[in-house]
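A quick write-up on the structure given underneath.
A short reminder: the numbers here are calculations on the coordinates, not readings from a lab. A quick note: this is a predicted structure, and the numbers were derived from the prediction, not measured. Cβ coordinates were reconstructed from backbone atoms using ideal geometry, including for glycine residues, and neighbour counts include every protein chain displayed.
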Amino acid sequence: MIDLHYWPTPNGHKITLFLEEAGLPFTIRRVNIGKGEQFDPAFLAIAPNNRIPAIVDHAPADGGEPLSLFESGAILLYLAEKTGQFIPADLRGRATVLEWLFWQMAGLGPMLGQNHHFSVYAPEKIPYAIERYVNETRRLYGVLDRRLEGREFIAGDAYTIADMACYPWIVPHKRQQMDLADFPNLARWFAAIRARPGTQRAYAHGDFYQPPKQFTDEQRKVLFGQGTKAD
């Protein structure tokens with residue numbers, strides 16, 4: 001059994017995508033990041049960066065004590081290796097999946113997250129910041145669109161953790177001021193993943209949450225403050 005410490009963010013959805021596709025038994029432990037639950041000492045013991053998601057695997061492959069992990073990319077890789085699913089066994093195929101997984105972790109996620117922040121969440125609109133991150137989002141969409149030309153999935157013919165990592169960050173494309181019609185290969189890939197039963201089950205776990213139309217100053221302090229605890 002795996003405990004998934006979760007909130008329905010793009011990074012949280014990555015892990016429910018894997019768990020649902022792989023058919024692994026898991027229990028969701030909600031971490032309400034709007035209320036500051038990510039600063040709870042019990043959560044920080046397994047996720048010292050005070051970010052979701054995190055997991056605790058109560059049956060690790062080495063038969064030892066429960067194993068905890070934080071960072072969504074590390075969790076995806078761990079689960080893929082644990083199950084032997086959604087990552088190729090051959091050297092070159094594995095290398096391709098890992099380079100696109102790390103591309104998402106280092107580029108697609110952080111840049112699109114800044115797009116969200118300055119376009120949607122920031123208390124004041126800063127045109128330079130909005131333009132910079134919208135333009136970088138468009139560039140990254142273009143990179144992914146070109147990669148998907150002639151390929152069903154990012155790494156080739158098989159659905160992998162590279163796709164699971166990237167897909168949730170494309171879901172809010174309208175909020176990112178992107179039109180998928182401008183990226184036909186990406187749009188085809190996006191529709192195919194959205195239609196998967198595993199994707200639909202994964203996203204259903206977040207149906208309980210309705211994001212607020214506006215954040216209060218206190219919520220902004222909790223979500224976007226730079227400290228290590230809720231002050």
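Looking only at region 30-46, which residues are in contact (Cβ under 8 Å) with a residue 40 or more places away in the chain, buried (at least 16 other Cβ atoms within 10 Å of the Cβ) and farther than 21 Å from Pro66 by Cα?
Hits for region 30-46 are Ile33, Gly34, Gly36, Phe39.
If you take the residues of region 149-192 that are outside any loop (DSSP other than H, G, I, E, B) and among the small types (Gly, Ala, Ser), which of them is nearest to the chain's Cα centre (by Cα)? Reasoning before the result, please.
Of the residues in region 149-192, the ones outside any loop (DSSP other than H, G, I, E, B) are 153, 156, 161-170, 180-182, 184-192.
If we keep only those that are among the small types (Gly, Ala, Ser) too, we end up with 156, 162, 165, 181, 187, 191-192.
Working: Gly156: 21, Ala162: 11, Ala165: 6, Ala181: 23, Ala187: 18, Ala191: 17, Ala192: 18 Å.
Across region 149-192, the extreme among qualifying residues is Ala165.
Looking for something loosely packed, with under 15 Cβ neighbours inside 10 Å, among the hydrophobic types (A, V, I, L, M, F, W, C) and closer than 21 Å to Arg194 by Cβ - is there at least one such residue anywhere in region 167-182?
Checked region 167-182: at least one residue is loosely packed, with under 15 Cβ neighbours inside 10 Å, among the hydrophobic types (A, V, I, L, M, F, W, C) and closer than 21 Å to Arg194 by Cβ.
Could you check how many residues of region 56-82 are surrounded by 16 or more Cβ atoms within 10 Å (Cβ to Cβ) and closer than 14 Å to Met164 by Cβ?
Residues flagged as surrounded by 16 or more Cβ atoms within 10 Å (Cβ to Cβ) and closer than 14 Å to Met164 by Cβ within region 56-82 amount to 8.
Take the residues in region 118-158 that are touching a residue at least 60 places away in the same chain (Cβ under 8 Å) and over 26 Å from Trp100 (Cβ atoms); name whichever of them is surrounded by the fewest Cβ atoms within 10 Å (Cβ to Cβ).
Looking at the filtered set, the residue picked out is Pro123.
Can you pull out every residue in region 3-29 that is over 14 Å from Asn50 (Cβ atoms) and either in a loop (DSSP other than H, G, I, E, B) or free of Cβ contacts under 8 Å to residues at least 60 places away in the same chain (or both)?
Across region 3-29, the qualifying residues are Asp3, Leu4, Pro8, Gly23, Leu24, Pro25, Phe26, Thr27, Arg29.
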